[in-house]
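Asks: Starting off with a structure, shown below.
The values are calculated or read from the model by the stated rules, or taken from the named source; none is laboratory data. Just so you know, these numbers come straight off a predicted model, no measurement behind them. Here the Cβ positions follow ideal geometry from the backbone for every residue, glycine too, while neighbour counts run over all protein chains shown. The area values use the complete protein model at the heavy-atom level, side chains included, leaving out ligands, DNA and RNA. Shrake-Rupley method; radii C 1.70, N 1.55, O 1.52, S 1.80 Å.
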Amino acid sequence: MGSTMVLEETLTLNDIDDAEDLVRTLRGAGMTARLSRTTRLDRSLVLTGRVRDFRSLFSGEIVQVADPGLKEGYKHTLADIEKTVESVAAFMAEHPPGVPFPDDAGQDLIRPVMEALEKDGAGETIPDETAEQFVHWIRALALLQSNGLIEIREDGEMALQRHADPDDLVMSLPFALVYEAEPESLGTYGIRVMMTIASVPLCRVTFGADAIAGMDIGEVDALIADLEIDEEEYDAFMERLSVKMIVVERVLECIEERGTATAMEIYEMMKGEPLTTGEGEITLKLDLDYLRDLLADLFKARVVRRSGAAFRIAS
């Protein structure tokens, strides 16, 4: 028998408390689970430049690009910039320099958004216009703050330090918005590409073979659905898990059909007709070495017992 743990599956989480809770839950149910910590390096790219620089960039790209989808994307980004600038100008018009913001500043936008979220967690009841105004108001405040124009005093009051031409404010945008633009054109417009490399702590929860064999996909989904997991990681994990569960279920069915079965006998049985499910047919093409490793995992997890070269379901 091989020693490779082919049934184990690892889920990467961003939060140590979530990871510890998940391991505790699995172990509390009598299943094997391990927790390990690691670190990865993440790279992020952003563009920085004055508002007027970005306006020139996107206006120029709209004229030059031939791809309709790309052109439409640039138009949308330019429109967003213009709306944020309008919000900045309106905010400065409402708030003289040095005068503390009133306690109800922005409540005409904040209140309907909060009320809608309380009624519907998905926010579907927020009118599109209100949601858009709220987003651009938040962006305007962030832009003023990042340019050092908002003063936060010791008593917690906030005020504009001075007014400025919105076109002169420095803003940052995701690099993905212009990844298809010629790099040299960015410099022509006075826009810089800024790269940040950061270390990100990660927590890895390894589900033992007994957890893979002893749970169904719905149970696992219920355990991890509300945890802090990257969406792509979540989808990839659930796909890997569901495939392994299909294989385990078929192996156990083969053993159960015969009462006891050797790896070779199971191998021959699995080469037969495809499995018919509600979603279609499933053909299992597993080599004998993989099957032996899988049976070794099931034996270590006490899901099956061994009698000589044959296996039977553990009672």
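Asks: Rounded to whole Å, give me the distance from the Cα center of the stretch 158-217 to that of the stretch 11-39.
Replies: 28 Å
Asks: As a test of the formula, what do you get for the chain when each DSSP H run with n ≥ 4 contributes -39,500 (n - 2.57) and the sum is divided by the residue count, at 222 nm and rounded to the nearest 500 deg cm²/dmol?
Replies: -16000 deg cm²/dmol
Asks: Counting heavy atoms of the protein chains only and a 1.4 Å probe, report the per residue accessible area for the chain as a whole number of Å².
Replies: That works out to 58 Å² per residue.
Asks: What helices does the chain hold that run 24 Å or longer along their axis, going by alpha-carbon atoms, with a Kyte-Doolittle average of 0.0 or more, using DSSP H for the helix calls? Provide the component values of the computation, followed by the final result.
Replies: Numbers: long enough: 68-94 (39 Å, -0.22); 128-146 (27 Å, 0.04); 231-258 (41 Å, -0.24).
Qualifying helices: 128-146.
Asks: In debye to the nearest 20, how big a dipole does the stretch 43-90 give about its Cα centre with +1 on each Lys and Arg Cβ and -1 on each Asp and Glu Cβ?
Replies: That gives a dipole near 160 debye.
Asks: Using the charge dipole of the chain (Lys, Arg: +1 at Cβ; Asp, Glu: -1 at Cβ; taken about the Cα centre), state which of 38, 63, 130 has its Cα farthest towards the positive end.
Replies: Farthest along the dipole direction, towards plus: 38.
Asks: Of the accessible area of the chain, with the probe set at 1.4 angstrom, what percent is carbon plus sulfur?
Replies: On the way: 9160 of 18410 Å².
The value for the chain is 50 percent carbon and sulfur by accessible area.
Asks: Here is a follow-up. May I ask you to derive the FRET efficiency for residue 175 and residue 101 from their Cβ-Cβ distance with R0 = 25 Å, giving the value to the nearest 0.05?
Replies: Efficiency, rounded to the nearest 0.05: 0.15.
Asks: Give me the Debye-computed log₁₀ of I(q)/I(0) at q = 0.09, 0.10, 0.11 Å⁻¹ for the chain, equal point scatterers on Cα only, no solvent, two decimals.
Replies: Taking Cα atoms of the chain as identical point scatterers yields -0.75, -0.83, -0.90.
Asks: Run the reach check for residue 271 against lysines, Cα to Cα strictly under 20 Å, same-chain hits fewer than 8 apart removed. What comes back?
Replies: Reachable lysines: 244, 285.
Asks: Say we join alpha carbon atoms closer than 10 Å with springs in a Gaussian network model of the chain; which of 272, 190, 280 then has the biggest fluctuation?
Replies: Maximum among the listed residues: 280.
Asks: Pairs of Cα atoms under 8 Å, at least six residues apart: use those to get the relative contact order of the chain, whole percent.
Replies: 33 percent
Asks: Once the dipole of the chain is set up with Lys and Arg at +1 and Asp and Glu at -1 on Cβ about the Cα centre, which of 272, 79, 193 lies farthest towards its positive end?
Replies: Value: 272.
Asks: By accessible area of protein heavy atoms, probe 1.4 Å, what ranking do 153, 50 get, highest first?
Replies: Listed by decreasing accessible area, they come as 50, 153.
Asks: For the stretch 231-297, what's the relative contact order in percent, using C-alpha pairs closer than 8 Å and at least 6 residues apart?
Replies: 24 percent
Asks: Can I ask one more? Going Cα to Cα from residue 75, which aspartates and glutamates come in below 16 Å? Please leave out same-chain ones fewer than 8 positions away.
Replies: List returned: 53, 61, 67, 180.
Asks: Quick check on packing: order 65-72, 137-144 by the mean number of other C-beta atoms within 10 Å, highest mean leading.
Replies: Highest mean packing first, the order is 137-144, 65-72.
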